[in-house]
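A.B. asks: Once you've had a glance at the structure underneath, I'll fire off some questions.
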Amino acid sequence: MTQTHGNNPKLKQPSLNPRILALLVVVMAVLGGALVSRFVAVERARELLSWQNRLSLIADSRASDIEAWLDRHFKELGDVASNPSLQLYMAELQSDSKSAAAEDPAQAVYLRNLLSITADRLGFTEKISAELKSINADVRQPAGVGLAIVDNKGKILVATAGLPALGDELAAKIERLPLNQPSLIDIFTTQSGSRHIGFALPIYPIDADPNAAQPIGRLVGVKNVGGDLFKLLRQPGATEQTLAGVLLRKEGDNAAYLSPQGGEKDTAASLSLNTPDLDASYALTSPGNFAVKKDAQSRSVLMTSRAIAHSPWVMLLHIDRNEALRDSDTWVRQIQYSLLFALLAVIGAVVAIWYYGTSRRSLLLALETKRMAAKSVAQEQLLRVVADNQLEPIVIADKTNIARFANAKAAQAFHMPTGDIAGKDLAALMGSEFAKGYSEANNVALLRNAPYIRTWSMENGTKSCVIRSAHVPLAHIPVEGLPAPSPGVLMIDQDITEIVNEREHRMRILRQLVDMLVHMVDSRDPNAASHSACVAFVARAVAVGIGLDSERVETTEIAGKLMNIGKILVPSDVLTKADSLTEKEMRGIHDAMSGSIALLEKIEFDGPVVDTLRQSRECFNGSGPLGLRGENILVTARIIAVANAFIGMISPRSYRDALGIEQAIKTLIGAIDIQFDRRVVVALADFVENQHGRDSLAQLIAKGNGG
């Protein structure tokens with residue numbers, strides 16, 4: 001920014017950068033051209049899709065008509081082959097002794113007439129040319145087409161005039177066909193150059209099951225391939241000049257054209273399947289698909305194809321691409337030119353706007369950038385002030401444990417300036433021993449993608465400190481020079497030594513209070529002086545055995561000690577009574593025990609001590625007073641229930657002797673899944689039998705009894 005002479009400041013207009021302008025024009029031209037090309041491609045694809053649908057409909061219609069043509073020939077010839085007179089005649093001809101009916105020439109005349117009528121109706125006759133008709137003489141018709149009845153050895157028994165004998169080529173074709181099913185004799189060329197097609201249908205004995213009986217002969221029909229078949233390739237009502245259908249079949253590595261490609265007089269051709277982009281090759285290898293290929297004359301065509309059922313044929317339907325897309329190409333070119341003109345107009349407008357508006361925009365952008373930079377610096381300074389005035393050390397490290405940020409408290413612990421910390425490894429800052437713990441915790445936080453808290457101890461001079469470290473994963477560390485994303489971890493240390501000492505002090509007072517209350521209870525009932533201590537001892541051992549955390553282990557032990565606190569409210573004479581208790585006395589003890597829970601609810605325990613005592617009378621099968629069942633009962637309460645029952649059974653009372661440990665465990669096992677949790681009973685048995693629990697309990701009970 002500069003200032004002109006005088007008191008009115010003016011903005012200096014920067015010069016136009018020709019390189020930036022040229023780059024912008026090139027980018028717009030490329031993008032605009034790409035969009036125009038994309039539009040053209042979409043429109044052409046839409047037009048191709050339209051022609052694909054139309055050609056598919058036509059191809060389905062033509063293929064259906066050709067299949068119907070084949071089916072009609074098979075059906076009508078099948079009716080002749082299943083004629084009872086024909087079947088009877090064939091059977092009698094092949095019998096050992098010819099009957100009178102077989103020797104009757106009338107039967108042969110009837111069958112010949114039947115064949116002649118069928119041949120005339122289905123076109124199995126050779127048309128006589130006009131020249132032959134004009135000759136008033138006995139001129140023999142051309143042979144090779146007609147209907148014939150042949151035996152299984154290929155001998156003609158009865159035939160129309162046009163098929164007096166089977167040529168060697170035709171006989172060989174018939175011999176290769178399956179004997180017991182209707183078959184098509186595919187289009188073939190005779191020695192005279194005529195193109196014929198044939199049908200062969202099995203003849204079974206009269207009233208025989210075709211699925212079980214063997215044929216006794218065949219009905220063979222041969223006809224010229226003419227207009228009645230090839231006219232089905234033309235779509236009625238179609239006006240396109242190049243829209244044509246062609247019958248194809250695969251002959252080795254070649255595509256053979258069975259129908260004329262232009263007029264009906266065109267000769268069939270054969271081209272290699274490897275001819276590049278040949279529509280006939282694609283039709284034979286991928287029947288049913290649509291594509292843009294080239295025909296036999298190398299013209300670009302739109303094509304589709306259909307396989308003809310009951311034949312080796314594939315019908316190819318194609319149309320010259322230029323004819324099909326003529327109107328579409330014209331319209332697309334007009335739109336393309338219009339869009340290109342509009343693109344040029346937009347580029348010109350951009351150049352003009354650039355020329356007249358670049359200088360002011362650049363100035364405003366520079367001012368805004370300067371303002372944002374100042375704001376960013378102010379925010380960074382504010383965040384630095386906030387971080388440096390925190391009482392706890394704060395460090396941010398990347399996933400390779402390289403420090404990227406540290407506040408003043410952390411820099412003080414590292415004995416170096418704040419600006420020198422970034423880029424250093426944690427091991428270099430705090431030593432390899434401490435860095436190992438931080439690195440492992442960082443990896444856990446990144447792996448879980450959740451904050452991870454760890455508590456650990458360290459020696460600080462002559463005293464021990466307890467540190468609570470929070471490791472918070474960060475998706476990205478917003479530090480200049482780091483690629484995005486660069487994940488890391490925010491580490492915050494808090495000295496909780498005083499908090500831990502205070503908690504331990506409070507726990508000591510609580511334990512002393514609990515022990516005092518237990519002592520008061522035990523002193524009032526000499527017969528059960530060590531009961532609470534034994535329950536607490538066994539309950540703690542079981543809780544540790546099944547892997548509970550320290551808080552629940554502590555809860556279980558305290559609840560075991562306090563479970564009989566209600567005895568304070570029971571008269572001493574009732575507690576020491578040697579005789580059986582009355583119903584009133586039993587109810588009084590029960591009410592006193594329930595009332596003890598109400599007394600303890602006002603004491604703040606770290607764990608659910610009161611709920612443990614409240615649920616300790618529940619049964620595992622849900623028959624307890626609260627109706628809780630299975631895992632819905634606190635595990636601490638399930639432990640107290642088993643420990644209390646066990647200690648009660650192995651301890652002597654004024655009204656009975658103590659049970660043996662084996663008998664007590666057997667009783668507990670008998671109540672598994674009814675009153676007690678299986679896992680707790682198994683853990684208690686393991687403690688007593690395998691972890692010296694028997695000796696420890698004996699000493700504890702003896703001590704309580706004054707031993």
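The values are calculated or read from the model by the stated rules, or taken from the named source; none is laboratory data. Worth saying up front: this structure is predicted, and the values here are computed from it rather than measured. No Cβ is skipped: glycine too gets one built from the backbone with ideal geometry, and neighbour counts run over all protein chains shown.
A.B. asks: If you scan region 598-652, which residues turn out to be charged (D, E, K, R) and either under 20 Å from L562 (Cα atoms) or outside the structural domain of E554 (by TED's automatic domain parsing) (or both)?
C.D. replies: Those that are charged (D, E, K, R) and either under 20 Å from L562 (Cα atoms) or outside the structural domain of E554 (by TED's automatic domain parsing) (or both): E601, K602, E604, D606, D611, R614, R617, E618, R638.
A.B. asks: Among the residues of region 442-460, write down those that are within 16 Å of D493 (Cβ to Cβ) and not in a loop (DSSP other than H, G, I, E, B).
C.D. replies: Within region 442-460, N442, A445, Y452, I453, R454, T455, W456, S457, M458, E459, N460 qualify.
A.B. asks: Could you say whether any residue in region 315-332 is touching a Phe, Trp or Tyr at 6+ places or on another chain (Cβ under 7 Å), of a type outside the set (S, T, Y) and assigned to a helix (DSSP H, G or I)?
C.D. replies: yes
Table: residues versus (1) at pLDDT below 85; (2) closer than 20 Å to E480 by Cβ.
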{"residue": "A366", "(1), (2)": "yes, no"}
{"residue": "A373", "(1), (2)": "yes, yes"}
{"residue": "Q379", "(1), (2)": "yes, yes"}
{"residue": "R384", "(1), (2)": "yes, yes"}
{"residue": "E392", "(1), (2)": "yes, no"}
{"residue": "I396", "(1), (2)": "no, yes"}
{"residue": "G431", "(1), (2)": "yes, no"}
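A.B. asks: When you scan region 461-484, how many residues do you find that are surrounded by fewer than 11 Cβ atoms within 10 Å (Cβ to Cβ), at pLDDT below 85 and either of a type in the set (A, V, I, L, M, F, W, C) or within 17 Å of E392 (Cβ to Cβ) (or both)?
C.D. replies: So the count comes out to 1.
A.B. asks: So, one more: It is to be established whether one or more residues within region 566-581 are modelled with pLDDT of 70 or more and part of a helix (DSSP H, G or I).
C.D. replies: No: region 566-581 contains no residue that is modelled with pLDDT of 70 or more and part of a helix (DSSP H, G or I).
A.B. asks: When you go through (1) more than 30 Å from E502 (Cβ to Cβ); (2) not in a helix (DSSP H, G or I) one by one for V385, which number turns out not to apply?
C.D. replies: Only one criterion is unmet by V385, namely (2).
A.B. asks: Just one of the numbered conditions (1) in a helix (DSSP H, G or I); (2) of a type outside the set (S, T, N, Q); (3) at pLDDT below 85 is not true of A45; which one?
C.D. replies: Only one criterion in (1) in a helix (DSSP H, G or I); (2) of a type outside the set (S, T, N, Q); (3) at pLDDT below 85 is unmet by A45, namely (3).
A.B. asks: Give me the pairs, please: first residue somewhere in region 306-325 and touching a residue at least 24 places away in the same chain (Cβ under 8 Å), second residue anywhere and part of a strand (DSSP E or B) and small (G, A, S), beta-carbon distance under 6 Å, and either six or more positions apart or on two chains.
C.D. replies: V314/S305; V314/A307; M315/G245; L316/S305; L317/G245; R321/S300
A.B. asks: Same structure, new question: Quick one: which residue in I197, I156 is free of Cβ contacts under 8 Å to residues at least 40 places away in the same chain, of a type in the set (A, V, I, L, M) and more than 24 Å from Q87 (Cβ to Cβ)?
C.D. replies: I197
A.B. asks: Being modelled with pLDDT of 80 or more and of a type in the set (S, T, Y) is the filter; apply it to region 123-172 and report the residue that is nearest to F188 (Cα to Cα).
C.D. replies: T125
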